[in-house]
1. Within region 45-54, can you find the residues that are in a helix (DSSP H, G or I) and among the aliphatic types (A, V, I, L, M)?
2. Does Q45 qualify as being modelled with pLDDT under 85 and within 21 Å of the chain's Cα centre (by Cα)?
3. Need the failing condition index for V78 against (1) surrounded by fewer than 10 Cβ atoms within 10 Å (Cβ to Cβ); (2) at negative phi; (3) modelled with pLDDT of 75 or more, just the number.
4. Mind checking which residues of region 1-44 are surrounded by 10 or more Cβ atoms within 10 Å (Cβ to Cβ) and in a loop (DSSP other than H, G, I, E, B)?
Amino acid sequence: MERWFRSFKYEWLQEGGYLTLGQAMDDVRDYVMCYNFVRPHRYNQGLPPVLTKTTYRELLNLVDHYKKYLTSGIHFNVFVR
């Protein structure tokens, strides 16, 4: 959580603060959307958290799909050209 606040403070926060609570809430909401959906994260190999989660979930589904073939006893040949 501290990392998020640091990023918000140095990347997004308006100098001098906000005039109203509504402005502050809107700006924080915008940053949360940007942070999760747009902003690249070094920890996630440059992907935003939402894409990383989606990509990871798709990978797990793919592994589960192929596990069925491996554990079912069905043999198949794969030819690479």
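The values are calculated or read from the model by the stated rules, or taken from the named source; none is laboratory data. Just so it is clear, the structure is predicted and the values come from calculations on it, not from any experiment. Every residue, glycine as well, gets a Cβ built from its backbone with ideal geometry; the counts of neighbours run over all protein chains shown.
1. Of everything in region 45-54, those that are in a helix (DSSP H, G or I) and among the aliphatic types (A, V, I, L, M) turn out to be V50, L51.
2. Working: modelled with pLDDT under 85: yes; within 21 Å of the chain's Cα centre (by Cα): yes.
Yes; evaluated as a whole, the condition is true for this residue.
3. (3)
4. Correct list: W12, L13, Q14, Y18, V38, R39, P40.
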